[in-house]
Amino acid sequence: MRSSFLATVEKRVIKILSRRFEEADRFLIINLLYLGDLIFSLPLLAEIKKQRPGLKLDIIANSNFTGLIKGAKFLDAVYSFDKRNSLLESLQFARKIREKNYPVSLNIHGSWRSSLLQFLSCRDYRAGYSRFGQKFFLDYSRKWQPGDRHMADYYLEWIDFLDLEIPDHPELPEVEIPVQALEKLADKLKNAGFWIENRSQPGRYVVLNSGGSWESKRWPSDNFVRLVRLFLENTSYNIVLSGSSADRARNERIRAGIRAKLRNKESNRVWNAAGRTTIPELLVLVSRAELVVSGDTGPAHVAALAGTRVISLFGPSDEIMYRPYNFNQSRVIKHEELSCRPCGEKSCPLGHHRCLREISPARVWSAIKDLVGLGL
């Protein structure tokens with residue numbers, strides 16, 4: 001009897017959410033998560049705009065990543081929230097958003113920071129996930145239960161709660177590449193010797209991302225050295241080592257390892273781009289690459305958004321939930337025989353890091369040839 005009563009209450013609350021959304025002329029999304037998570041939310045946002053084209057659809061996102069989506073035609077406004085803001089700066093930001101009087105807001109982050117930001121920014125109907133007891137800040141809350149599915153598909157479930165139709169074959173939407181980012185990256189590629197002047201376009205290159213937000217997501221540097229050697233010895237591709245400024249020293253060690261094994265002429269085909277590209281420039285970089293090889297980290301998902309082929313190496317994270325969302329153009333490589341993965345830990349609890357350490361460059365090379373068709 002109690003479960004039946006709760007189910008009835010739940011249906012009524014969902015009906016209120018869908019009605020408030022139907023009546024709204026503006027809708028605010030809050031997502032302060034990492035770059036990959038922001039990309040996973042884009043199918044939801046694009047689908048909302050597709051089915052409600054007259055709706056003003058805005059988003060508050062992490063300021064580190066908003067450059068990626070400012071060219072998205074399905075978004076009307078992108079607000080950048082800096083997580084380094086002081087309390088006073090955060091309150092001032094919330095007040096500016098509150099003045100816009102959004103009738104409905106949806107928080108798909110679910111942290112205390114984003115929940116408080118939503119509570120302070122939005123007077124009216126607030127919906128979102130209750131991950132740590134935030135339901136008291138929400139008019140409608142859902143438990144955080146992604147289960148055994150991709151995060152993009154989990155976010156898309158909100159479509160049903162908004163009384164819209166879930167698409168049969170969801171995919172990542174197109175995001176326009178800023179012209180300025182293209183021009184700036186062209187200059188950087190020219191300086192690196194990767195630009196073919198007479199064709200006014202980049203030469204063939206692959207992007208290898210050696211970094212990762214967690215130590216446990218990083219494939220060993222020695223393995224990257226061996227993989228780069230395979231490219232240099234067997235193909236005409238140049239190599240771009242991407243990453244943040246924190247990955248620059250790691251990439252230099254990889255370059256040093258390559259120089260120790262190959263002639264300088266060959267090692268000069270490797271450019272360390274870590275910390276040298278903005279997020280929009282990264283989108284340009286991977287969109288023009290033949291292939292991206294990366295762990296479970298932002299550049300792999302930016303490549304998927306750009307429609308570029310991706311080889312992703314999965315260690316502690318769950319590939320079902322977090323793999324690049326372009327299934328036909330990506331391959332996932334994981335350790336098949338370890339019962340301890342995916343553990344979801346930032347450092348190996350057992351201290352051996354076998355989940356990535358034991359993925360050999362030869363295995364990655366084989367997957368590359370299968371995906372790209374190098375014919376080697």
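For residues that are of a type in the set (Val, Ile, Thr) and more than 24 Å from the chain's Cα centre (by Cα), tally how many sit in region 213-245.
The qualifying residues number 3.
Right, Ile16: surrounded by fewer than 16 Cβ atoms within 10 Å (Cβ to Cβ) and either in contact (Cβ under 8 Å) with a residue 40 or more places away in the chain or not in a helix (DSSP H, G or I) (or both) or not?
Taking the combined requirement at face value, the residue satisfies it.
For region 120-168, how many residues are free of Cβ contacts under 8 Å to residues at least 12 places away in the same chain and more than 17 Å from Ile48 (Cβ to Cβ)?
Summing the residues that are free of Cβ contacts under 8 Å to residues at least 12 places away in the same chain and more than 17 Å from Ile48 (Cβ to Cβ) in region 120-168 gives 5.
For Lys190, indicate whether it is assigned to a helix (DSSP H, G or I) and modelled with pLDDT under 85. Working first, answer last.
Values: assigned to a helix (DSSP H, G or I): yes; modelled with pLDDT under 85: yes.
The answer is yes for Lys190.
Within region 138-150, is there a residue that is crowded, with 18+ Cβ neighbours inside 10 Å, assigned by TED's automatic domain parsing to the domain that holds Leu120 and assigned to a helix (DSSP H, G or I)?
Within region 138-150 (the criterion being crowded, with 18+ Cβ neighbours inside 10 Å, assigned by TED's automatic domain parsing to the domain that holds Leu120 and assigned to a helix (DSSP H, G or I)), the answer is no, since none of the residues qualifies.
Residues that are out of contact with any Phe, Trp or Tyr (no Cβ under 6 Å at 6 or more places or on another chain), in a loop (DSSP other than H, G, I, E, B), modelled with pLDDT of 95 or more and among the hydrophobic types (A, V, I, L, M, F, W, C): does region 75-87 have at least one?
Checking region 75-87: at least one residue is out of contact with any Phe, Trp or Tyr (no Cβ under 6 Å at 6 or more places or on another chain), in a loop (DSSP other than H, G, I, E, B), modelled with pLDDT of 95 or more and among the hydrophobic types (A, V, I, L, M, F, W, C).
Against the conditions (1) over 16 Å from Glu174 (Cα atoms); (2) assigned to a loop (DSSP other than H, G, I, E, B), where does Leu28 fall short? Just the number, please.
(2)
Pairs, please: C-beta under 9 Å, at least 6 apart or cross-chain, first residue outside the structural domain of Leu38 (by TED's automatic domain parsing) and in region 101-117, second at pLDDT below 95 and not in a loop (DSSP other than H, G, I, E, B)?
Close Cβ pairs (under 9 Å, with a partner that is at pLDDT below 95 and not in a loop (DSSP other than H, G, I, E, B)) do not exist here.
Got a number for residues in region 344-376 being farther than 28 Å from Arg229 by Cβ, in contact with a helix residue (DSSP H, G or I) (Cβ under 8 Å, 6 or more places away or on another chain) and not charged (D, E, K, R)?
Result for region 344-376: 1.
Within region 85-137, track down each residue that is among the charged types (D, E, K, R) and either surrounded by 12 or more Cβ atoms within 10 Å (Cβ to Cβ) or within 21 Å of Lys70 (Cα to Cα) (or both).
Glu89, Lys96, Arg98, Lys100, Arg113, Arg123, Asp124, Arg126, Arg131, Lys135
The values are calculated or read from the model by the stated rules, or taken from the named source; none is laboratory data. The model shown is predicted, which means the values in this text are computed figures rather than measured ones. Don't worry about glycine lacking a Cβ; one is built from the backbone with ideal geometry, like all the others, and counts go over all protein chains shown.
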